[in-house]
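Every number in this text was worked out from the coordinates using simple rules, so none of it is lab data. Owing to the predicted nature of the structure, the values given are computational and were not obtained by experimental measurement. Cβ atoms come from the backbone with ideal geometry, glycine included; neighbour counts cover every protein chain shown.
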Amino acid sequence: MKFFLDTADVEQIKRALEWGILDGVTTNPTLISKTGRPFKEVVKEILEIVDGPVSLETVSLDAKGMIEEGRTLAKMGDNVVVKIPMTPEGMKAVRVLEAEGIPTNVTLVFSPVQALIAAKAGASYVSPFVGRVDDVSGEGMKLIREVKEIFMNYEIDTEIIVASVRHPMHVLEAALIGADICTMPFAVMEKLFKHPLTDKGIELFLKDWEKVPDRPF
Ligand code: G3P
């Protein structure tokens, strides 16, 4: 499973790149706005340091506007993926952009059939939001299981991006289901490394190492 960061924070992206586990980045208008930085400046920096796909979202509500915005975003870098909301107008835009060779990521997906529609429109990626489904007392991971099953039934190659991830259990379950990608906040990625027994084990090894005579370091 590929690991994406769901952020527009360049420092966070740099740290994850140093760890060697970052496969791509997803952003949305909220995440860009949180940086407090000019859009073009922050996006240019992200595209310079990330080799993998970087999703940038359109804001128009009509297909014509989404297509124009998508073309503008795609010109910013070879690895740009245009994020389009799951609406009928959005699906019209997906079909046009994909036909032009511009990859799209259909976002704000909350039902398995919405994911199927995105795939039928030709989207390269689909982003079901697990955390926001959990927030309204639904079962976010059930959504992923069902999307995966449908895509397997029809050998659909649209990649599933598990989005709106809130904790490491979401990442584990996404991997068990066989989702293609999990996009997560930096805080969640950082937590994936942690286990109390790892910390305890390091502490014990260091303590015992002190007892070893003639240590080379
Ligand atoms: O970028 C899409 C999605 O991951 C947003 O997550 O936490 O705002 O529900 P969240």
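Overview of results
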read-out	value
Complete set of residues in segment 1-25 that are within 12 Å of VAL50 (Cβ to Cβ) and more than 16 Å from the ligand (Cβ to nearest atom)	VAL10, LYS14, LEU17
Qualifying positions in segment 47-94 - touching a helix residue (DSSP H, G or I) at 6+ places or on another chain (Cβ under 8 Å), more than 17 Å from THR7 (Cα to Cα) and of a type in the set (Asp, Glu)	ASP62, GLU89
Residue match in segment 41-49 (condition: more than 12 Å from the ligand (Cβ to nearest atom) and in a loop (DSSP other than H, G, I, E, B))	no
Residues being within 20 Å of the chain's Cα centre (by Cα) and either within 15 Å of the ligand (Cβ to nearest atom) or among the charged types (D, E, K, R) (or both) - total across segment 80-104	9
Residues of segment 105-154 classified as outside any helix (DSSP H, G or I) and either within 16 Å of the ligand (Cβ to nearest atom) or of a type in the set (Ser, Thr, Tyr) (or both), total	19
Some residue of segment 136-143 being over 22 Å from THR58 (Cβ atoms) and in contact with a Pro (Cβ under 7 Å, 6 or more places away or on another chain)	yes
Some residue of segment 78-100 being in a helix (DSSP H, G or I) and under 20 Å from ASN153 (Cβ atoms)	no
Residue within segment 60-71 that is surrounded by fewer than 20 Cβ atoms within 10 Å (Cβ to Cβ), assigned to a helix (DSSP H, G or I) and within 18 Å of the chain's Cα centre (by Cα) present	no
Restricting segment 149-182 to residues that are under 18 Å from ALA121 (Cα atoms) and more than 16 Å from the chain's Cα centre (by Cα), the residue that is surrounded by the most Cβ atoms within 10 Å (Cβ to Cβ)	PHE151
Selection within segment 194-215 - of a type outside the set (A, V, I, L, M, F, W, C), farther than 24 Å from LEU172 by Cα and assigned to a helix (DSSP H, G or I)	GLU203, LYS207, ASP208
Some residue of segment 15-38 being farther than 21 Å from MET189 by Cα and surrounded by 15 or more Cβ atoms within 10 Å (Cβ to Cβ)	yes
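One line per residue, one yes/no per condition, for (1) over 19 Å from GLY70 (Cβ atoms); (2) touching a Lys or Arg at 6+ places or on another chain (Cβ under 9 Å); (3) among the charged types (D, E, K, R):
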residue	(1), (2), (3)
GLY101	no, no, no
THR107	no, yes, no
SER111	yes, no, no
ALA115	yes, no, no
ALA118	no, no, no
SER124	no, no, no
GLY131	yes, yes, no
VAL147	yes, no, no
